[in-house]
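*Asks:* Structure in structure tokens, see below.
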Amino acid sequence: MRDPRLAIVFLGAVSFAAAQSNAVPGTDVNLYDVSNSTIYGRRGPAYPNGEVGIGFGHAFCNAGTVHIPWQTSPTTSGQMTDVHFKIAFLLARESNGRIVQVSGPNSFVKHSRVTYNLGSSQCGTCQTGPASTFRIGCYDAYSTGFNGDRFNLGPPSEINPWTGSWNPVGSYFDRGDPLVAGAASGDGVQSLTQSQVGGFDAVKNRVTVAESELSQPGVFYGQVQLVCEGEPLAARGNNLLSERLNFTWGGTAWSTSNAGGPVAGSVLNRWVGATRNTAGNGLDDGRFLVAAKVTGPVNGVYHYEYAVHNIDNARGGASLRIPLHPSADVKAVGFRDIDGNVLNDWTWSRSGGELAFLASANNPLDWNSIYNVWFDATVAPTTGTVTIDQARIGAGALSVAVGSDVPNGALSAAVATVGTGCFGLGLTASRPVLGTTAQITTTGIPAGTPLGVTILTLTPAPAPIDLAPIGMPTCFGHVVGGVNEVWLNPGATAQTPLAIPSDPSLVGAVVGAQALSASPPLTLLGFIASNGVLLTVGVQ
């Protein structure tokens with residue numbers, strides 16, 4: 001059952017506006033180019049243990065039917081305003097069937113506080129219009145140097161990506177870096193100066209990436225996202241763009257180059273073989289994109305990969321809940337965020353028909369971030385819905401439901417080993433697939449053994465049973481009752497066939513098996529016991 005308290009895990013966090021109340025019909029900004037990339041430098045320990053600062057260029061135009069307000073903001077001479085675009089950046093890598101964000105949480109967002117209204121754009125003729133607006137048909141193009149200027153880069157946490165709003169009072173620019181003293185840190189006048197910025201190293205506040213991430217093989221993509229106040233949800237499909245990038249370590253420094261044309265939408269659109277779906281919290285908050293990639297089966301086991309991109313959801317994500325077949329075996333579960341801090345990783349648990357990944361109290365999935373989870377499961381994928389609980393209080397529902405491939409389809413046959421046999425006696429089995437015969441094999445049978453039995457039962461022991469009290473020291477029982485299949489003069493191994501009828505009602509049934517070998521010299525009772533085996537009947 002979903003815990004409603006997850007919706008208020010981050011009670012002390014900033015509460016955002018309840019709905020896109022500032023939507024202006026006809027507002028449509030088209031981000032059409034990620035033009036180039038620049039390496040600004042590195043910091044920290046010697047390669048490959050440092051960090052790199054990266055910048056991207058981009059171009060966009062007014063593709064709508066209204067002029068968009070855009071006011072040049074005073075910096076150190078007057079009150080800052082919130083009438084401008086914000087541009088976010090991230091870097092992702094696809095490798096080994098997984099796509100992950102490699103840029104860290106310290107990558108800041110550009111506040112674009114001046115417009116140029118250039119002509120001959122991708123959006124038609126640049127029209128005339130009022131001052132302090134981005135006019136219909138006009139475009140702006142920003143170099144990496146312009147986007148990488150730290151005088152205009154602020155933390156993404158200060159921006160509401162759903163409404164596009166930002167409060168300059170008490171903001172990073174208002175407080176300065178280092179912090180200014182007294183009332184100046186909260187008066188709405190920019191305290192961050194060019195002198196302060198001049199003291200930064202080459203990486204600070206830019207797109208920040210660990211060298212350990214860049215040095216791994218894979219395909220890299222730079223993504224740019226444009227946030228525009230008043231832009232309706234229906235017009236935001238062209239606000240995200242990614243470009244393939246190459247990175248090369250030359251022995252003393254990094255270099256980068258563009259390696260292909262841009263692709264619209266989330267960088268997860270680049271993930272080969274994945275399915276993607278997007279959903280938001282109605283008109284109250286923004287969107288999450290869930291991409292899923294399922295491979296296999298290999299010996300009845302499927303590998304599931306999920307990447308979740310918070311595009312513009314202000315309240316953030318506190319969980320990912322995935323429907324799961326109750327009889328599925330799940331293993332090799334993993335999680336990845338973007339801060340590299342294992343102490344705040346999301347935890348996972350399984351309850352009935354759900355596999356849940358839950359955020360720690362200080363690590364929600366915020367906008368411009370991609371988190372990953374993965375696992376193996378003995379069940380085929382089917383179309384379903386995953387649920388993301390909202391991390392902060394606010395208007396709208398407690399959760400967002402997103403369509404996705406989920407591990408709730410046809411159950412695969414599986415075999416699991418329980419415990420360890422005594423005196424070297426072992427038990428293995430092939431997978432019990434409908435319409436086939438599974439082979440249960442006993443190994444390590446002592447020489448001269450005249451007979452033994454394989455016990456088959458539908459009631460495996462809930463816990464190992466110590467057999468020492470009946471004269472079988474170091475041996476444990478793993479079955480309760482059942483049918484004895486006797487084998488005579490077996491040699492070192494013995495096989496017991498188990499025919500599985502082609503009856504769909506048997507899918508998910510579990511058969512427990514254990515072998516006993518008559519070996520009088522080894523125990524007082526005269527028998528030794530193997531490990532247990534659990535066979536789950538499946539369709540493949």
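*Asks:* Using a 1.4 Å probe and ignoring any ligands, DNA or RNA, find the accessible area of GLU213 and quote it in Å² to the nearest 10.
*Replies:* 30 Å²
*Asks:* What is the Cα centroid distance between region 142-168 and region 109-133, reported in whole angstrom?
*Replies:* About 18 Å separates the Cα centre of region 142-168 from the one of region 109-133.
*Asks:* Please compute the contact order of region 406-513 in relative form: average sequence separation of alpha-carbon pairs under 8 Å and at least six residues apart, divided by the residue count, as a percent. Don't skip to the end; give the middle numbers.
*Replies:* Numbers: 196 pairs, mean separation 35.8, N = 108.
Result for region 406-513 is 33 percent.
*Asks:* If I model a spin label as a point 7 Å beyond the Cα along the Cα-Cβ vector, how far apart are those points for VAL486 and SER21 in nm?
*Replies:* With each label point 7 Å from Cα toward Cβ, the separation is 8.4 nm.
*Asks:* I need the calculated FRET efficiency for the pair PHE146 and ASN96, taking r as the beta carbon distance and R₀ as 25 Å, to the nearest 0.05. Spell out each step's value before the answer.
*Replies:* On the way: r = 35 Å, r/R0 = 1.42.
Efficiency for this residue pair is about 0.10.
*Asks:* Per the chain: cysteines with no other Cys C-beta under 4.7 angstrom?
*Replies:* Result for the chain is CYS228, no neighbouring Cys Cβ within the cutoff.
*Asks:* Leaving ligands, DNA and RNA out of it, report the carbon-plus-sulfur percent of the accessible area of region 356-488 at a 1.4 Å probe.
*Replies:* Values: 3170 of 5190 Å².
Here carbon and sulfur together make up 61 percent of the probe-accessible area.
*Asks:* Taking 7 Å along the Cα-to-C-beta vector as the label spot, tell me the GLN122-GLN439 distance in nanometres, rounded to one decimal.
*Replies:* Distance between label points: 6.1 nm.
*Asks:* What figure in square angstrom, to the nearest 10, would you give for the accessible area of TYR32 with a 1.4 Å probe?
*Replies:* 50 Å²
*Asks:* Another question, then. Specify the inter-centroid distance of region 496-540 and region 50-86, based on alpha-carbon positions, in whole Å.
*Replies:* Here the answer is 68 Å between Cα centres.
*Asks:* What residues from region 276-317 fall in the zone where the backbone N is under 17 Å from a label point 7 Å along the Cα-to-C-beta line of ASP339?
*Replies:* The answer is 310, 315-317.
*Asks:* Explain nothing, just compute: Karplus ³J(HN,Hα) = 6.51 cos²θ - 1.76 cosθ + 1.60, θ = phi - 60°, for every residue of region 514-527 in order, whole Hz, x for Gly and Pro.
*Replies:* Here the 3J(HN,Hα) series is 7, 10, 10, 10, 6, 9, x, x, 8, 9, 4, 6, x, 10 Hz.
*Asks:* Classify region 77-121: rounded, prolate or oblate, from the alpha-carbon gyration tensor (a ≥ b ≥ c, eigenvalue square roots; a/c under 1.5 rounded; otherwise prolate if a/b is larger than b/c)?
*Replies:* On the way: a/c = 5.34, a/b = 1.88, b/c = 2.84.
It comes out oblate by the Cα gyration axes.
*Asks:* Related question: Which of the lysines could a cross-linker span from LYS204 if the Cα-Cα distance has to be under 17 Å and same-chain partners fewer than 8 positions apart are dropped?
*Replies:* Within the straight-line cut-off, LYS204 pairs with LYS110.
*Asks:* Right, something else. Leaving out ligands, DNA and RNA, and with a 1.4 Å probe, what % of the accessible surface on region 24-169 is carbon or sulfur?
*Replies:* Roughly 50 percent, rounded to a whole number.
*Asks:* Same structure, new question: Ignoring ligands, DNA and RNA, what accessible area per residue does the chain give at 1.4 Å, in Å²?
*Replies:* Details: 21350 Å² over 540 residues.
Ligands and nucleic acids excluded, the figure is 40 Å² per residue.
*Asks:* Report the extension gain between THR275 and ALA259 in nm, rounded to one decimal, defined as 0.36 nm multiplied by the number of residues separating them, less their alpha carbon distance. If you can, show how the numbers build up before the last one.
*Replies:* On the way: separation 16, 0.36 × 16 = 5.76 nm, distance 2.44 nm.
3.3 nm is the gain from fully extending THR275 to ALA259.
*Asks:* Using a 7 Å offset from the Cα along the Cα-to-Cβ direction at both SER502 and THR428, what is the distance between the two label points in nm, to one decimal?
*Replies:* The answer from the label model is 2.9 nm.
*Asks:* For ASN49 and ALA332, what is the calculated FRET efficiency with R₀ set at 25 Å and r taken between the beta-carbons, to the nearest 0.05?
*Replies:* Details: r = 28 Å, r/R0 = 1.11.
Computed FRET efficiency for ASN49 and ALA332 comes out at 0.35.
*Asks:* Continuing with this model, one more query. Is the shape of region 128-169 rounded, prolate or oblate, going by the alpha carbon gyration tensor and its root eigenvalues a ≥ b ≥ c, with a/c under 1.5 for rounded and a/b larger than b/c for prolate?
*Replies:* Values: a/c = 2.29, a/b = 1.30, b/c = 1.76.
Taking the square roots of the gyration eigenvalues as a ≥ b ≥ c, region 128-169 is oblate.
*Asks:* Just how large is the dipole of the chain about the Cα centre, in debye to the nearest 20, putting +1 at every Lys and Arg Cβ and -1 at every Asp and Glu Cβ?
*Replies:* Values: 27 positive and 34 negative charges, 69 e Å.
Value, rounded to 20: 320 debye.
*Asks:* Continuing with this model, one more query. Per-residue ellipticity at 222 nm for the chain, helices alone: DSSP H runs ≥ 4 residues times -39500 (n - 2.57), over residue total, nearest 500 deg cm²/dmol? Intermediate results must be reported in sequence, preceding the final value.
*Replies:* Values: 4 runs with 17 residues, N = 540.
-500 deg cm²/dmol, from helical runs alone.
*Asks:* Given the protein chains as shown and a 1.4 Å probe, how many square angstrom of SER185 are accessible, to the nearest 10?
*Replies:* 40 Å²
*Asks:* Counting alpha carbon pairs within less than 8 Å and at least 6 residues apart, what relative contact order, in whole percent, applies to the chain? Present the calculation step by step, with values, prior to reporting the outcome.
*Replies:* Numbers: 1523 pairs, mean separation 73.1, N = 540.
Dividing the mean separation by the residue count of the chain yields 14 percent.
*Asks:* Ranked from the most accessible area to the least, with a 1.4 Å probe and all protein chains present, what is the order of VAL342, VAL66, VAL207? Let's see the in-between values first.
*Replies:* On the way: VAL342 110, VAL66 40, VAL207 5 Å².
Highest to lowest solvent-accessible surface, that is VAL342, VAL66, VAL207.
*Asks:* Just to be sure I understand, if you calculate Rg/Rh (Cα atoms, Kirkwood Rh) for this structure, which of [x] 1.13; [y] 1.19; [z] 0.98 do you get?
*Replies:* [x]
*Asks:* Could you rank THR454, THR347 by how accessible they are, 1.4 Å probe, largest area first?
*Replies:* Working: THR454 0, THR347 85 Å².
Descending order: THR347, THR454.
The values are calculated or read from the model by the stated rules, or taken from the named source; none is laboratory data. If you're wondering where the values come from, they're calculated on a predicted model, not measured in any experiment. Every residue, glycine among them, receives a Cβ derived from its backbone with ideal geometry; neighbour counts consider all protein chains shown. In case anyone asks, the SASA skips ligands and DNA or RNA and just uses the protein heavy atoms, side chains included. Shrake-Rupley method; radii C 1.70, N 1.55, O 1.52, S 1.80 Å.
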